[in-house]
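Chemist: Have a look at this one before I ask anything.
Read-outs: derived from the displayed coordinates by stated rules, not from any lab. Predicted, not measured: the structure shown is a model, and the values here were computed from it. Using ideal geometry, Cβ is built from the backbone for each residue, glycine included, and neighbour counts are taken over all protein chains shown.
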Amino acid sequence: MAVIHDHIVVGSGMTGAHAAETLVENGRQVLMLDAGVREERYAPLVPDTDFLTARETDLEQHRWLLGDRFEGVPWGAAAHTLTPPRQHLIAGSERWLPLEARAFQRMESLCYGGLGAGWGAGAAVYTPPELETMGLDPTRLAEGYATIAKRIGLAAELDDVTPYCGAGLRATQPPLAMDGSIARLRAKYAARRAAFRARGIAMGKMPMAVLTRDLGERRATRYTDMEFWADPEQAVYRPWMTVDALRREPNFVYEGGRLVTRFSEAADHVAVETLRLDGGAAETFHARRLVLGTGTLGTARIVLRSIDRDAPLPLLTNGYCIAPCVHVERLGRALERERTSLGQLEMMFDPGRAGLDVRMVSLYTYRSLLLFKLAKEVPLAFGDARALMHALVGAVVLATINHPDHAAPGKFVRRVPDANAPTGDALAVTHAVTEPERRDNDRAERRILAALSLLGCHALKRQHLPSGATVHYAGTLPFADDERPASLARDGRLAGTRRVFVADGSGFRYLPANGLTLTLMAQAHLVALGLARRTHDE
Amino acid sequence: MSVVPLGTDAFPGTDDAFVQALAQRLVGEPATTREIERWRDALACHGAALVARRDRRLWALMRRAPFLIGAVDAGLAWRDPHGVIRQRLCLLLAVLEASPAHVARFVDQPYPLVALAGLAPRMAFAALRVALGLVVVLVAEAPWP
């Protein structure tokens, strides 16, 4: 006779991990079903030292910098931050998560800890207008943010961007240190603050999920500049840390190597169908409640199969532009040896002063992702491009501009047949930015780059990445109060079901420009908390 | 260990002398034997074979006249920036960067203002190389026998 588990949580990423933690904390029995692909090849090769020392001394550095199959040399539209030690993020996704799209750069993950294994650690608290537009309750989210901040550790400070991305956070750690180039930009902003604020521009530090003080078994960052390669201190929060801790709890069981394909509801339980990644064998699990935390695209696949729906679902993803800039007064100077590769300073552009449709700019200096990736973007011979970028790199500031996204008829996903796929289907994605949105984004980018110019940081070009490149996806099952098909109730329950809950961003009706990761974790916690209370009452 | 089978010429036109000329052009220093071997592995892994006639012509030209390496590269940077010749050169640049032997050519360091000023004539030559390279590439694309 089949075992009926208390709760099944699907996925070990940001949402699965925190939904599971909340359920386990509340005494519930949890089975986590996960693909759980791991990286074991390169981690042992990365020396436990700072990036420059590794570059100067490690004779085997080519193995972890470029990869044994040279997979760390991106060509075309490949993501430059997918270094060999991080390539397991996308391992198996082509086969098991087929996707049909043009002009859409997706990233989905089957790895242990999900896409959180590659998170840039920006942990934004959304503004009340943003949360309300998304269909979320700001008061409840505040509780969720506080819980997650305590669990994962956030480095933050009060400054001009706090109202846009850090309001209400308490008990945070001191902020990450900035390197000289970024600190100088901030000082120049401070000197002309009133003028910038009059333009709707605020500059400051977004909360970061990086430890600047020890927390439990994790250690504070040593500023080794190795975030894209290794993190032996576990200073940057990753969801696998939560799952590792849960696996020591008696009321938690982890089953890896499985792809959840669909579910079906019976009178007193949910049947969850899976395929084994090591051969494709089918296996079914049963639970009183099912919590999907497989990411917006993954959840869409499972739900579309389960409710047998051919109609499209809406999709949200942030527009994205990278502007390499030269910080003129830094020409001829090198960066510090001790630094971070992560975003160091943010700029918020809020022309309407309403805390809605704000643009978010992250500023990075550049070293650890290697010079050849910059050189290949320069329209010169490689030898000349290398010489130019070598001279400029200490003064390079990368500004990444994120735009908010609203639902529109040209932005959707749909399930389509695919005879070659193990599941017999694929997800077809269309994300066409409307012409008014494109014009708005262009105008915002020009004003942001003009503001950076006032700080002595001049953009060399704007590179617009395809939709999807931010890896922020949401909105496929928008929150609704009327049980309409393919929607979520406010507590995360999937319309038309009684026992299936969605803990990820599928319900968000709007996607702010600030990264959604902290909100995903907070929402997952709240969905699980509601579920724990409900099952307790039962 | 090399992934290119011994005794085969999987990527013709990648003899040591020519690779040294390419390395000299890219970083102003010779490549080591292991770096050359590593680059051939990279070509195999990326499948960077010269399929198009134009690319074969340009590669042969670069071998015959190494002083045109920079011009061909510069012309392709505008005409076909994601083509296979640029990919081959990018792979070599990456291999050279991922080696302690050439770290000073890649890692940021204090850059004297005199040296910065010296970049101006080099960039002027770089622009001329683009112009020359575009002509060379267009000629190579012409349908001559």
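Chemist: From the residues B:Val135, A:Met347, A:Gly456, which one has its Cα farthest along the dipole of the protein assembly as shown in the positive direction, the dipole being from +1 and -1 charges on Cβ of Lys/Arg and Asp/Glu about the Cα centre?
Modeler: Toward the positive end, the furthest listed residue is B:Val135.
Chemist: Let me have the relative contact order for the stretch A:87-226, percent, based on Cα pairs under 8 Å that are six or more residues apart.
Modeler: Reported relative contact order: 24 percent.
Chemist: Related question: Taking chain A as the reference, fit the longest principal axis to its C-alpha atoms, fit the long axis of helix A:435-454 to the helix C-alpha atoms, and give the angle between the two in degrees, 0 to 90, nearest 10.
Modeler: Tilt of helix A:435-454: around 40 degrees.
Chemist: Net charge near A:Leu392, counting Lys/Arg +1 and Asp/Glu -1 over other residues with Cβ under 10 Å of its Cβ?
Modeler: 0
Chemist: Say R0 is 30 Å: what FRET efficiency, to the nearest 0.05, do A:Ala194 and A:Leu398 get from their beta-carbon distance?
Modeler: In this case the efficiency is close to 0.65.
Chemist: Quickly estimate the mean residue ellipticity at 222 nm for chain B, helices only: each DSSP H run with n ≥ 4 gives -39500 (n - 2.57), and the total goes over all residues, rounded to 500.
Modeler: Value at 222 nm, helices only: -21000 deg cm²/dmol.
Chemist: Continuing with the same structure: With point charges of +1 on the Cβ of Lys and Arg and -1 on the Cβ of Asp and Glu, referenced to the Cα centre of the stretch A:55-111, which listed residue (A:Thr83, A:Ala101, A:Thr57) lies farthest in the positive direction of the dipole?
Modeler: My answer, from the dipole projection, is A:Ala101.
Chemist: Give me the net charge for the shell around A:Pro485: Cβ to Cβ below 13 angstrom, other residues only, Lys and Arg +1, Asp and Glu -1.
Modeler: Taking every other residue near A:Pro485 into account, the sum is -2.
Chemist: Pulled fully out, how much extra length does the chain show between B:Trp78 and B:Gln20, if you take 0.36 nm times their separation in residues and subtract their Cα-Cα distance?
Modeler: Taking 0.36 nm per residue and subtracting the Cα distance, the gain is 18.4 nm.
Chemist: Compute the FRET efficiency between A:Ala266 and A:Glu157 as 1/(1 + (r/R0)^6), taking r as their Cβ-Cβ distance and R0 = 35 Å, and round to the nearest 0.05.
Modeler: Using R0 = 35 Å, I get an efficiency of 0.10.
Chemist: Can I ask one more? What list of ³J(HN,Hα) couplings, whole Hz, do you get for the stretch A:174-181 from phi and the Karplus terms 6.51, -1.76, 1.60, once you set θ to phi - 60° and write x for glycine and proline?
Modeler: x, x, 5, 5, 9, 7, x, 5
Chemist: Just tell me which lysines come within less than 27 Å, Cα to Cα, of A:Lys376; anything on the same chain fewer than 8 places away is out.
Modeler: Within reach: A:Lys461.
Chemist: Nearest 500 deg cm²/dmol is fine: what mean residue ellipticity at 222 nm does chain A get from its DSSP H runs of n ≥ 4 alone, each adding -39,500 (n - 2.57), divided by its residue count?
Modeler: -8000 deg cm²/dmol
Chemist: Okay, which of the stretch A:272-306 sit inside 13 Å, backbone N to the point 7 Å along the Cα-Cβ direction of A:Arg534?
Modeler: A:288-292
Chemist: Going by average Cβ density within 10 Å per residue, which order do the peptides A:99-111, A:518-530 take, highest to lowest?
Modeler: A:518-530, A:99-111
Chemist: About the Cα centre of the protein assembly as shown, how large is the charge dipole given +1 on each Lys and Arg Cβ and -1 on each Asp and Glu Cβ? Please answer in debye to the nearest 20.
Modeler: 1700
Chemist: Relative contact order of the stretch A:376-463, please, whole-number percent, based on alpha carbon pairs below 8 angstrom and at least 6 residues apart.
Modeler: Reported as a whole number, the value is 18 percent.
Chemist: To continue, here is another question. Among the trypsin sites (Lys or Arg not before Pro) within the stretch A:200-272, which fall in a DSSP loop and have no more than 16 other Cβ atoms within 10 Å of their own Cβ?
Modeler: A:Arg213, A:Arg219, A:Arg222, A:Arg247, A:Arg248
Chemist: For the stretch A:360-387, list residues with backbone N below 11 Å from a point placed 7 Å from the Cα of B:Phe125 toward its Cβ?
Modeler: Inside the label zone: A:384.
Chemist: Among the trypsin sites (Lys or Arg not before Pro) in the stretch A:370-462, which ones are in a DSSP loop with at most 13 other Cβ atoms within 10 Å of the Cβ? Mind listing them?
Modeler: A:Lys461
Chemist: What relative contact order, as a whole-number percentage, does chain A give when Cα pairs under 8 Å and 6 or more residues apart are counted?
Modeler: After rounding, I find 23 percent.
Chemist: Arrange the peptides B:114-120, A:11-17, A:306-312, A:335-341 so that the one whose residues have, on average, the most other Cβ atoms within 10 Å appears first.
Modeler: The peptides rank, most packed first, as A:11-17, A:335-341, A:306-312, B:114-120.
Chemist: Please rank A:Glu130, A:Glu217, fewest neighbouring Cβ atoms within 10 Å first, as an exposure proxy.
Modeler: A:Glu217, A:Glu130
Chemist: Residue by residue through B:77-90, how many Cβ atoms from other chains fall within 10 Å of the Cβ on average?
Modeler: That average works out to 3.
Chemist: Between rounded, prolate and oblate, where does the protein assembly as shown land on the alpha carbon gyration tensor, with a ≥ b ≥ c its root eigenvalues, rounded for a/c under 1.5, else prolate if a/b exceeds b/c?
Modeler: Prolate is the answer for the protein assembly as shown, as a/c is 1.5 or above and a/b outweighs b/c.
Chemist: Right, here's the next one. Show which lysines lie in cross-link reach of A:Lys150 when reach means a straight Cα distance below 21 angstrom and same-chain residues fewer than eight apart are skipped.
Modeler: Leaving aside lysines fewer than 8 places away in the same chain, those within reach of A:Lys150 are A:Lys205.
Chemist: Continuing with this model, one more query. What whole-number distance in Å separates the alpha-carbon centres of the stretch A:253-275 and the stretch B:104-145?
Modeler: Computed from Cα coordinates, the inter-centre distance equals 58 Å.
Chemist: Looking at A:Ala323, A:Leu304, A:Ser362, which one has the Cα that reaches farthest to the positive end of the dipole of the stretch A:287-365 (charges on Cβ: Lys, Arg +1; Asp, Glu -1)?
Modeler: Comparing the listed Cα positions along the dipole, A:Leu304 ranks first.
Chemist: Just in the stretch A:1-55: which GluC sites (Glu not before Pro) are loop by DSSP and have at most 11 other Cβ atoms within 10 Å?
Modeler: Passing both the DSSP loop test and the Cβ count: A:Glu40.
Chemist: Additional query: Other chains near A:366-378: what is the mean number of their Cβ atoms within 10 Å of each residue's Cβ?
Modeler: Partner Cβ neighbours, averaged per residue: 4.
Chemist: Round to the nearest 10 and give me the degree value, 0 to 90, for the angle of helix A:382-392's Cα axis relative to the longest principal axis of chain A.
Modeler: 80
Chemist: Here's something else I'd like to know. In debye to the nearest 20, how big a dipole does the stretch A:451-538 give about its Cα centre with +1 on each Lys and Arg Cβ and -1 on each Asp and Glu Cβ?
Modeler: 260
Chemist: Hey, rough spin-label estimate for B:Leu138 and A:Val3, points 7 angstrom out along Cα→Cβ, what's it come to in nanometres?
Modeler: 7.2
Chemist: Could you give the nm distance between label points at B:Arg64 and A:Glu336, where each point is 7 Å from its Cα heading toward the beta carbon?
Modeler: 5.6
Chemist: Quick one, could you list the DSSP H helices from chain B stretching 24 Å or more along their long axis (Cα atoms) with average Kyte-Doolittle hydropathy of -0.5 or above?
Modeler: B:113-141
Chemist: Compute the long axis of helix A:295-306 from its Cα atoms, compare it with the longest principal axis of the Cα atoms of chain A, and write down the angle in degrees, 0 to 90, nearest 10.
Modeler: Around 30 degrees separate the two axes.
Chemist: Next question, about the same structure. Which shape class, rounded, prolate or oblate, goes with chain B when its Cα gyration tensor gives a ≥ b ≥ c as root eigenvalues, a/c under 1.5 marks rounded, and past that a/b bigger than b/c marks prolate?
Modeler: oblate
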